[in-house]
Amino acid sequence: MFVGHYSVAFAVKSDRNRIPLWVLFVAVQFLDYIWATLVLLGIEKLRVIKGFTAGSMLDSYYHPYSHSLIAAILWSTVAGIGYKLLCRRLGYQYRKSAALIVGLAVFSHWILDLIAHPRDLAIYDDTWKVGFGLWNYRDPEFALEIAMLAGGITLYLARNAICIVWKMAVIGFGIALVIVQIGDTYVPRTPLSDKATAMGVWIFYTLFVVVAYLLERTRCEKLES
Ligand SMILES: [Zn+2]
């Protein structure tokens with residue numbers, strides 16, 4: 001699962017919880033940020049194998065600290081508490097239950113990975129591995145990612161009062177994410193090394209976070225009539 005994770009970020013943002021979209025963009029990929037960091041440090045292990053599954057070259061054969069179920073629950077808790085502290089520090093308005101929403105956004109990553117990944121997600125440590133393996137079916141997996149993203153953006157546009165120009169900007173961002181997913185799923189390429197892949201994760205995910213930040217900064221509050 002790649003851009004499908006962002007559907008959750010779009011879907012849960014509302015004018016009531018006021019969680020910045022960029023925070024949710026970090027949240028839904030928080031486990032992958034930890035994973036990429038641990039791969040760079042040589043603690044978690046990744047092989048990049050052409051044709052490993054139809055939809056992905058990633059053989060994450062050892063990632064207990066970022067992607068086991070127990071780790072996911074722990075990181076979700078840490079992120080929820082962290083968000084409350086972040087609000088205090090940055091002077092963001094903290095709305096009730098926002099920490100819970102951020103924590104659930106982090107946890108959604110594991111649920112969506114469970115659908116896409118082959119059996120490489122441990123329940124705890126490195127044992128009892130699960131994964132429904134939708135990545136073995138390239139087109140349905142791709143369709144699910146795009147459908148989820150479209151659904152998330154539709155909810156986001158419906159729940160956040162915005163003007164037409166800004167709506168177009170959000171849709172434009174959605175289209176850019178679809179193009180990235182097409183490139184990832186369908187464009188043949190030579191496998192990168194494990195470390196280069198982890199660097200790429202950091203760079204691309206952070207780029208999306210920056211775009212999400214800029215999007216909401218330039219948001220126009222006026223409703224179209
Ligand atoms: Zn992941």
**Fill in**
Output ordering of 80-87, 32-39 (per-residue mean of other Cβ within 10 Å, highest first) is 32-39, 80-87
**Complete:** Rg/Rh over Cα atoms for the range 51-179, Kirkwood Rh, comes to 1.04
**Item:** Approximate spin-label separation residue 59-residue 111, in nm, with each point projected 7 Å along Cα-to-Cβ
**Value:** 3.1
**Asked** Given a Förster distance of 30 angstrom, what is the FRET efficiency for residue 94 paired with residue 175, based on the Cβ-Cβ distance and rounded to 0.05?
**Response** 0.35
**Request:** Considering only lysines 8 or more places apart in sequence, or on different chains, count the pairs in the chain whose C-alpha atoms sit under 24 Å apart.
**Result:** 11
**Request:** Taking amide H positions as placed in the peptide plane 1.01 Å from N, state which residues far from residue 62 in sequence (5 or more) or on other chains have amide H under 5 Å from it.
**Result:** 45
**Item:** Nitroxide proxy distance, nm - points 7 Å out along Cα→Cβ at residue 217 and residue 190
**Value:** 3.8
**Complete:** Relative to the chain, whose Cα atoms define the longest principal axis, helix 98-116 and its Cα axis are tilted in degrees, nearest 10, by 40
**Prompt:** Roughly to the nearest percent, how much of the accessible area of the range 119-225 is carbon and sulfur, given a 1.4 Å probe?
**Reply:** 71
**Item:** Accessible area per residue, Å², the range 72-204 with all protein chains present, probe 1.4 Å
**Value:** 55
**Request:** At most 16 other Cβ atoms within 10 Å and a DSSP loop assignment: could you name the trypsin sites (Lys or Arg not before Pro) in the range 100-145 that fit?
**Result:** 119
**Complete:** Per DSSP, the loop-located GluC sites (Glu not before Pro) within the range 168-225 having at most 10 other beta carbons within 10 Å are 221
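The values are calculated or read from the model by the stated rules, or taken from the named source; none is laboratory data. Everything numeric here is computed off the predicted structure, so don't read it as measured data. Here the Cβ is made from the backbone with ideal geometry for all residues, glycine too, and neighbour counts use every protein chain on show. Heavy atoms of the whole protein, side chains included, go into the accessibility calculation; ligands, DNA and RNA do not. Shrake-Rupley method; radii C 1.70, N 1.55, O 1.52, S 1.80 Å.
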